[in-house]
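Report on the structure given below.
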Amino acid sequence: MQQRKANVVWGGAESAAAQENPAMAMARNGSWLEAESAPEHSPVPRKKRLALDEKRWNTVVNVMLIAFVMAVPPVIVVYAGGDIAPSVWIAAAKAQLRRGSGDGSFPYARSPPDKLLGGLLLDGLDERSCRSRYESSMYSRNPARRPSPQLIGKLRRHEELQRRCGPNTDAYSRAVQQLRAGKSVDSPECKYVVSISHRGLGNRILAAASAFLYAVLTDRVLLVDPSNEMDELFCEPFPGTTWLLPRRDFPLASYTNFSIDTAESYGNMLKNKVLNADVPPATATQLPAFVYLHLDHDYGDEDKMFFCDDDQRLLSNVQWLVMRTDMYTVPGLFLVTAFQEELDMLFPERDAVFHFLARYLFHPTNHVWGLVTRYYRAYLARAELRLGVQVRNFDPWTQQSPVVLRQITSCLWKEKLLPEVLDTEKYAMPMMPGGGRTTAVLVTSLRSWYYERIKGLYWDHATATGEDVSVHQPSHEEQQQYGKKSHDDRAWAEMYLLSLCDVLVTSGWSTFGYVAQGLGGMTPWVLHKPTNVTSPPDPPCFRDMSMEPCFHAPHVYDCKLKRGADTGKMLPHVRYCEDVSWGLKLVDAKLYKA
């Protein structure tokens with residue numbers, strides 16, 4: 001008998017209704033454990049006992065219904081009339097049974113959360129001054145990566161260096177006096193790298209993480225420029241000291257205005273023969289008191305010599321380095337031969353470098369953490385699946401585009417991240433007694449247009465599988481507002497909320513998405529940057545090769561041969577990005593094959 005299929009709004013695959021959402025399957029198969037119920041021998045009040053009896057009765061009914069569903073399909077195939085779509089009905093019934101009647105509770109873990117993140121964090125800091133440092137593990141259901149023992153040991157030694165040489169120490173005072181006098185010294189007691197904070201929050205986070213890894217590799221104290229509310233957004237990462245540069249007494253008063261034209265930039269010093277990596281100075285006193293490293297997206301060929309071994313040997317003798325970058329330069333550090341052996345020991349999982357750096361460095365202050373936790377508990381905590389969708393519009397025409405909306409929904413449905421919707425209620429599965437848990441979709445975007453349409457889609461139409469989908473957006477600021485505290489507070493909170501999702505869809509090229517996926521330890525699906533105003537990209541999205549951010553403007557130079565090079569093919573774990581084809585990205589060579 002010919003069967004009529006239910007039409008699916010914007011649906012491409014006829015079998016989509018009968019297929020299980022793979023992200024939901026991950027949750028159901030034990031990736032995320034529910035909280036344990038009370039022991040059976042515990043005294044139970046009569047009211048609660050009645051509730052338990054009802055729950056047990058629901059379980060019996062569910063078991064009987066499962067047996068019925070297993071037997072029903074052949075009957076439906078034989079007797080179904082023209083108004084029934086059995087594949088949709090059966091898939092919906094099975095999805096409803098999978099969800100069960102219990103509601104999700106928080107926290108999810110059966111065992112106590114690992115508040116020290118596998119040894120990444122040091123115990124004993126004041127929890128009240130920075131609640132997120134030790135509470136964050138309670139909110140994530142993603143399996144945590146384990147830092148290597150070498151990385152843990154290196155971090156403990158670096159913390160000691162920060163305490164010994166950081167602000168408010170005698171060593172720091174002497175170093176500042178030498179900088180003020182314009183003198184360089186032989187074998188300086190302590191060396192420093194100052195990271196300039198500028199551009200959007202995602203760029204600032206990637207820049208600080210890059211500067212920190214460079215500081216760790218070169219035994220330098222990291223000092224972060226306090227501009228752009230860095231102290232209002234992030235807790236102090238180093239125990240017993242500060243990572244913020246004291247600007248009041250810092251001799252380089254205009255350092256935040258340094259640019260590619262600054263005479264003290266490394267590139268200009270090479271160009272003007274002030275420095276020569278091939279013929280280093282005979283003594284350190286012939287070196288400048290500081291060197292400015294211009295590693296912004298517009299840096300020149302001479303600036304890019306920073307990523308060469310000879311130049312690193314020269315820079316190692318300079319006491320003060322000031323670094324400006326708006327990129328994630330870490331893949332470039334992996335190409336420096338002098339750093340490779342130590343990097344291999346610190347990060348045996350090359351696709352998790354930013355994951356560890358970010359979880360160690362960036363802890364939301366109590367105000368931002370309050371934004372995160374209140375929203376999480378209100379809208380996300382009880383969902384069986386949490387799906388994050390980050391939409392970044394780079395071109396004006398994409399801000400409210402039906403083509404981009406089609407791209408987003410096509411990605412979500414093609415990759416089975418969300419169930420498709422029906423164009424009629426005729427085949428919708430009725431809600432069973434006890435209700436079911438929902439999939440919560442968290443949309444982050446500067447504007448509300450895409451959120452409103454995705455939310456309306458799942459309000460106006462039933463899903464093909466019978467799942468319930470709720471859609472949420474914490475804020476829509478309309479425009480990126482540089483230097484506005486409330487804007488950065490919300491941006492940081494939304495990055496963190498995305499990192500607490502179970503599955504992530506991001507926009508290509510976006511540093512906002514890079515931060516979220518790295519913090520959460522997730523390899524995302526990435527939306528291709530749209531280029532056609534009439535039709536979406538095909539395919540609409542792709543699964544990224546790793547959760548690492550992309551280095552958007554890498555050098556293309558072989559330092560040994562002193563000529564241009566294909567830097568995306570020099571090491572098996574440094575590859576070209578898929579969203580920015582000329583960019584570089586760290587991957588796990590065992591998992592990813594070019």
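The values are calculated or read from the model by the stated rules, or taken from the named source; none is laboratory data. Here the structure is a predicted model, which is why all the values come from computation and not from measurement. We place every Cβ from the backbone using ideal geometry, glycine too, and count neighbours over all the protein chains shown. Only protein heavy atoms, including side chains, enter the accessible area calculation; ligands, DNA and RNA are left aside. Shrake-Rupley method; radii C 1.70, N 1.55, O 1.52, S 1.80 Å.
Some observations on this one:
- Reachable aspartates and glutamates from K115, criterion Cα separation under 18 angstrom, eight or more residues apart if same chain: D123, D126, E127, E135, E236
- Taking every Cα-Cα distance in the range 102-240 and sorting them into 5 Å bins from zero, the calculated P(r) comes out as 2, 8, 14, 17, 20, 16, 10, 6, 4, 2, 1, 1, 0, 0 percent.
- For the range 301-427, the Rg and Dmax computed from alpha carbons only, in angstrom: 22.7, 75
- Gained length - D170 relative to D344, 0.36 nm times residue gap less alpha-carbon distance: 59.2 nm
- Over all pairs of different C-alpha atoms in the range 125-204, the reciprocal of the mean inverse distance, the Kirkwood hydrodynamic radius, equals 16.6 Å.
- Relative to the compact-globule estimate of 2.2 N^0.38 Å, the Cα radius of gyration of the range 440-526 comes out at 1.16.
- When you count the other C-beta atoms within 10 angstrom of each residue and take the mean per peptide, 490-496, 335-341 line up highest first as 490-496, 335-341.
- Across all directions, the average projected area of the convex hull around the alpha carbons of the range 536-586 is 4.2 nm².
- Restraint check, K455/K590; K273/K585; K416/K485; K414/K455; K416/K585; K183/K304, Cα-Cα greater than 30 Å: K455/K590; K273/K585; K416/K485
- Carbon and sulfur %, accessible surface of the range 152-218 computed with the full protein complex present, 1.4 Å: 43
- Cβ crowding within 10 Å averaged over residues, with 409-418, 259-268 ranked highest first: 409-418, 259-268
- Element breakdown for the range 230-288 at a 1.4 angstrom probe: carbon and sulfur atoms account for 47% of the accessible area.
- Counting 0.36 nm for each residue step from R313 to K183 and taking away their Cα separation leaves a gain of 44.9 nm.
- Column: log10 I(q)/I(0), Debye, Cα scatterers of the range 236-389, q = 0.10, 0.13, 0.15, 0.20 Å⁻¹: -0.54, -0.83, -1.01, -1.37
- Rotationally averaged projected area of the range 165-279 (alpha carbon convex hull; nm²): 8.3
- Estimated D of the range 109-150 in µm² per second, where Rh is the Kirkwood radius over Cα pairs and Stokes-Einstein applies at 37 °C, 0.692 mPa s: 292
- Bridgeable aspartates and glutamates around K154 (alpha carbons under 12 Å apart, same-chain partners fewer than 8 residues away excluded): D219, E342.
- Net charge dipole size for the range 231-276 [Lys, Arg +1 and Asp, Glu -1 on Cβ; Debye, nearest 20]: 320
- Ranked by how many other beta carbons lie within 10 Å on average, peptides 176-187, 319-330, 112-123 from highest: 319-330, 112-123, 176-187
- Cα-projected label distance for K529 with Q286, points at 7 Å along beta-carbon direction, nm: 4.5
- Cα-Cα separations in the range 195-252 greater than 17 Å, expressed as whole percent: 37
- Multiplying the residue separation of Q399 and S259 by 0.36 nm and removing their Cα-Cα distance gives an extension gain of 47.2 nm.
- Scattering curve values for the range 483-594, log₁₀ I(q)/I(0), Debye with Cα scatterers, q = 0.20, 0.22, 0.23 Å⁻¹: -1.08, -1.19, -1.23
- Spherically averaged projected area of the convex hull of Cα atoms, the range 327-378: 5.2 nm².
- More than 15 angstrom apart: percent of Cα pairs within the range 149-196: 53
- Rounded to two decimals, the Cα-based Rg/Rh of the range 269-324, with Kirkwood Rh, is 0.93.
- Derived from the Cα gyration tensor, the three semi-axes of the equivalent ellipsoid of the range 369-424 are 25, 19, 9 Å, largest first.
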